[in-house]
Amino acid sequence: MGDVMGSMSVVVAVVVAVLLAAGLWGLIRQSTGSIRRMPPRVGPSSDSSQEQVIAVFRCEGRAALVSLIIGGAVAAMLGLIGSWWPRGYGLPYALAGSAAAVFGLLTYTLYPRPAWSPGSGGRTVAELTPRVPAAFARQWVFVLPLVSAVALILGLLLTGLYSSADEKGLHRVFRRRSLSGWGVENGQVVDVQYNLSSTGPFPGWYYGIPVMIGTILLIGVVYWSLRRITRAARPASPDLFDTDTTLRSLQTTFVMAASSAALAFQVAGLAAITGNVLRIAHRDSIPTSDLTAAAGTVPVEPGHTLALALNLSSLVIVVVAIVLLIKAISVITCLWSMGRQEDRLTPEPVR
């Protein structure tokens, strides 16, 4: 019976993971299609405008590249701190994703960029269409990280409520009832005894509160970055409006892809750790009359199936995070290639 239940649990977990993968893949296809909706760029009308466009795109590519390097350095530094600080019980690892994204996006937003030069004769053109932070990408681009952030916070609240304090008073373990001993009389099991045991590390309040604070900070930094992108001044020449819109679309795609990747890594870590603890906790030992043999175990439902689904889902979400990170890198490649394209448009001098 236990084998049958275990097989059914695996099947259910696989089905849940496949459905989740299909849903996340649909969101990614929607979110990463933002570049395809970009308007065609209008070539600059003069050599000076052309040089300016080259400088703007190349500077934007440098800003995105530096921000990714800073984010990776922050994550690596927290990883080293986690290995050097055993009394932190893995807290630096838990904060690596959100801290890397926050510092990376702050670097990206504060990176100095050249301003569009004023138009000839000091004339400017006013654009009456209002611009909001969600104006330069599809709505799915903003839904994906928002859903990830809400899922992460709700998951941490739930695991915090189910967590217990360890011997040091830190809420980082999961308590469960487990078999502690039994007796045997005339070949029969008697006097079965149970006790509370702890399994960890479990994402309780010790990890959850700092990670939730980091997630809220990340949401604020993302909003601020998008606000800076939309509120930046337009070029003075209307001929450059389409070029400017393309630039803002690439900026928005980079911010959302990088932040979504960081949040997806956080969610995957939460799912993997929680699933591993629940998988261990939701197996009951079976007393045996053979005192020379170890007690067998059977899965306890629905917790065991939930644990398998979380473990499989974490693998799917890691793949999603990698895809989003590649998307952010592809934006950098696109910025540099557009700068080179503009460079190739430079006319040869007349000899």
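Computed from the coordinates by the stated procedures, all read-outs in this text should not be read as laboratory data. Because the structure is predicted, anything quoted here is derived from the model rather than measured. Note: ideal-geometry Cβ built from the backbone for every residue, glycine included; neighbour counts use all protein chains shown.
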Hydrodynamic calc, the stretch 175-279: Kirkwood Rh from Cα pairs, then Stokes-Einstein at 10 °C with viscosity 1.306 mPa s, so D in µm² s⁻¹ is 84 µm²/s
Length gained, VAL147-ILE322, 0.36 nm per residue minus C-alpha separation, equals 61.2 nm
Of 240-248, 279-287, ordering from highest average Cβ density within 10 Å down gives 240-248, 279-287
Length gained, ILE213-THR297, 0.36 nm per residue minus C-alpha separation, equals 26.3 nm
Pseudo-spin-label distance LEU154 to ARG231, built 7 Å along Cα→Cβ, given in nm, is 3.1 nm
In nanometres, the difference between 0.36 nm per residue of separation and the alpha-carbon distance of ARG62 and TYR111 is 16.7 nm
Taking 317-327, 85-95 and ranking on average Cβ neighbours within 10 Å, highest first, one gets 317-327, 85-95
